[in-house]
Amino acid sequence: MRVGAGKKLVAVLALGLAMVVATPAQPASAAAYNCFLSQNLCLFWGTFNQGSYVYFAPGVNDANLNDNTFTQSGSGQGQAVGNNTRSASNYNSSHAVVLCTGVNYSGICRILAASDDWNLPSDLARNVESFYWVA
Ligand SMILES: [Ca+2]
């Protein structure tokens, strides 16, 4: 009986070690850090916050997303952010962002509220070229 209990304990410890080793290799933990566990705005190549993405710190506006690329691993990595973003997450808890279809905050602009995320509406999907944080 005592030997059997000891083997069970060893097996549990080995499983715990395997989980610790595997965690840093998960791509999802990078997204969790850059988006969901931060105050950043994240723009995604795919719908439903899927695929490659790029993140912006609070207060960092960008008047032209045509010279930015999706940097993180996943579908769409390396492609332009301008006119190519399909979903967005604003994980800042106090500041909304405004996304616009033209450079320099022109064209159609829509507000993404603080702590909110979207599949971009049809007039913005694959059509965003600039954004700014609301003070
Ligand atoms: Ca830019």
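The table that follows gives values for the structure above.
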| item | result |
| --- | --- |
| Within the range 29-55, tally of residues that are out of contact with any Gly (no Cβ under 9 Å at 6 or more places or on another chain), closer than 17 Å to Asn83 by Cβ and within 16 Å of the ligand (Cβ to nearest atom) | 2 |
| Test: residue in the range 122-131 that is modelled with pLDDT under 95, within 16 Å of the ligand (Cβ to nearest atom) and touching a strand residue (DSSP E or B) at 6+ places or on another chain (Cβ under 7 Å) | no |
| In the range 57-77, residue nearest to Arg126 (Cα to Cα) [restricted to those that are hydrophobic (A, V, I, L, M, F, W, C) and at pLDDT 95 or above] | Leu65 |
| Matching residues in the range 56-86 - criterion: being charged (D, E, K, R), within 16 Å of Leu99 (Cβ to Cβ) and within 16 Å of the ligand (Cβ to nearest atom) | Asp62 |
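The values are calculated or read from the model by the stated rules, or taken from the named source; none is laboratory data. Every value quoted in this text rests on a predicted model; they were computed, and no experiment measured them. Heads up, the Cβs are rebuilt from the backbone with ideal geometry, glycines too, and the neighbour counts pull from every protein chain shown.
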